[in-house]
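Worksheet for the structure shown next.
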Amino acid sequence: MNIFAQFRSAMKAARLAVLVLLLSVATACSADNQATLHTTKGTFNFNLEIADTEASRERGLMFRTSLAPDAGMLFDYHHEQQAFFWMQNTLIPLDMIFIGEDGTVKTIHINARPMDTTAIPSQVPVRFVLEIAGGRSEEIGLRIGDKFGNSRVGSPMDQPPSSQPPPSGN
């Protein structure tokens with residue numbers, strides 16, 4: 001291989017490395033990876049990993065040995081449906097927050113037991129399931145009816161309450 005071919009090969013590798021770096025930075029800064037839970041105790045921010053393909057949803061948080069209090073995994077099914085989870089190969093307790101398409105918390109399962117293969121159902125159709133550290137939903141005062149904000153949901157907190165009349169055009 002001559003020097004010109006080696007140089008061209010090195011340049012291709014360098015461009016690929018820069019592209020991978022830029023994609024990693026873009027993913028880390030993506031609005032998809034940020035979320036808020038709005039409770040009576042306040043607004044709590046979370047850094048998310050997204051599971052929106054069958055393969056990523058199957059793996060979930062399996063084999064993790066820890067999860068930061070401000071971290072979580074958002075499972076997006078792209079439309080509302082019944083969801084069932086289990087804790088097979090999951091080494092840490094998790095809270096599972098079942099969320100409707102509009103960002104409303106529908107049901108909460110607190111402290112799912114590690115390695116338990118018992119099915120945990122959403123009980124109602126949901127679009128999203130947010131997994132956070134076990135017990136964290138109690139710490140932040142999360143209740144059914146609270147709101148979840150993320151770019152995939154829109155901004156449910158920005159919608160006017162239905163009890164208020166729409167603004168007049170005057």
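Observations on the structure shown:
- Each residue in region 40-78 was checked for being surrounded by 14 or more Cβ atoms within 10 Å (Cβ to Cβ) and in contact with a Leu (Cβ under 6 Å, 6 or more places away or on another chain), and 6 pass.
- Residue match in region 79-89 (condition: over 22 Å from residue 31 (Cα atoms), in contact with a Phe, Trp or Tyr (Cβ under 7 Å, 6 or more places away or on another chain) and surrounded by 12 or more Cβ atoms within 10 Å (Cβ to Cβ)): yes
- Any hit, region 49-70, residues being among the aromatic types (Phe, Trp, Tyr) and outside any loop (DSSP other than H, G, I, E, B): no
- Meets criteria (in contact (Cβ under 8 Å) with a residue 12 or more places away in the chain, in a loop (DSSP other than H, G, I, E, B), of a type in the set (A, V, I, L, M) and over 19 Å from residue 48 (Cβ atoms)) for residue 87: yes
- Residue in region 1-14 that is within 14 Å of the chain's Cα centre (by Cα) and either modelled with pLDDT of 95 or more or more than 23 Å from residue 123 (Cβ to Cβ) (or both) present: no
- Condition met for residue 36 (modelled with pLDDT of 95 or more and β-branched (Val, Ile, Thr)): yes
- Qualifying residues in region 82-128 (those that are in contact with an Asp or Glu (Cβ under 7 Å, 6 or more places away or on another chain) and among the β-branched types (Val, Ile, Thr)) - the one farthest from residue 72 (Cα to Cα): 126
- Within region 107-154, the set of residues being of a type outside the set (D, E, K, R), part of a strand (DSSP E or B) and under 22 Å from residue 58 (Cβ atoms) comprises 107, 109, 112, 120, 121, 126, 128, 129, 130, 132, 133, 150.
- Here residue 27 does not qualify as out of contact with any Pro (no Cβ under 9 Å at 6 or more places or on another chain), modelled with pLDDT of 70 or more and either among the hydroxyl-bearing types (Ser, Thr, Tyr) or assigned to a loop (DSSP other than H, G, I, E, B) (or both).
- Test: residue in region 104-114 that is in contact (Cβ under 8 Å) with a residue 40 or more places away in the chain and farther than 19 Å from residue 149 by Cβ: no
- Test result for residue 87, hydrophobic (A, V, I, L, M, F, W, C), in contact with a strand residue (DSSP E or B) (Cβ under 9 Å, 6 or more places away or on another chain) and modelled with pLDDT of 95 or more: yes
- The conditions of being at pLDDT 95 or above and under 15 Å from residue 35 (Cβ atoms) are met by residue 50.
The values are calculated or read from the model by the stated rules, or taken from the named source; none is laboratory data. Note that this is a predicted model, so its numbers are computed, not measured. For neighbour counting, all protein chains shown are included, and Cβ atoms are generated from backbone atoms with ideal geometry for every residue, glycine included.
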